[in-house]
Amino acid sequence: MVELTYRNDRNPDMNPDELLTNEAAALMLKVSPITLALWRRSGKGPDVVRIGARVWYHPADIARWLDQQ
C-alpha cells in the first residue's frame, strides 16, 4: 500500500479532503463556473490548487479572497 502525503508551503494546515471543484467553488462564490474559470485565467480569482491537470479550490483561500475584495 502506498501512503500519499500532502505538502503545501503556502498553507500547511490545508486538508486536501476539503478541496472544492470549480463547480462547487463557483456555487460558494455565487458565480458561474465559466466566470470562475475566466477569473482564474486572468489571475483575478482566489488561489487555486493544481493537482495534475485538475484545478481545486480550498475554502480558506476563497474566504481570504472574498475578504480582500
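The values are calculated or read from the model by the stated rules, or taken from the named source; none is laboratory data. What you are looking at is a predicted structure, and each value in this text was computed from that prediction instead of being measured. Positions of Cβ are generated from backbone atoms using ideal geometry, with glycine treated the same way; all protein chains shown enter the neighbour counts. With ligands, DNA and RNA removed, areas are computed over all heavy atoms of the protein, side chains included. Shrake-Rupley method; radii C 1.70, N 1.55, O 1.52, S 1.80 Å.
Just a few scattered comments:
- Residues of the stretch 16-53 that turn out to be of a type in the set (D, E, K, R), at pLDDT 90 or above and exposed (fewer than 13 other Cβ atoms within 10 Å of the Cβ), as a count: 4
- Neighbours by Cβ (under 7 Å, 6+ apart or cross-chain): first from the stretch 17-28, free of Cβ contacts under 8 Å to residues at least 60 places away in the same chain; second aromatic (Phe, Trp, Tyr): Leu19/Trp56; Leu19/Tyr57; Leu20/Trp56; Leu20/Tyr57; Thr21/Trp56; Ala25/Tyr57
- The stretch 56-69 residues that are more than 14 Å from Glu18 (Cβ to Cβ) and open to solvent by less than 40 Å² (accessible area, probe 1.4 Å), paired with ones that are at pLDDT 90 or above and not basic (Lys, Arg) (beta carbon under 6 Å, 6 or more apart): Trp65/Pro46
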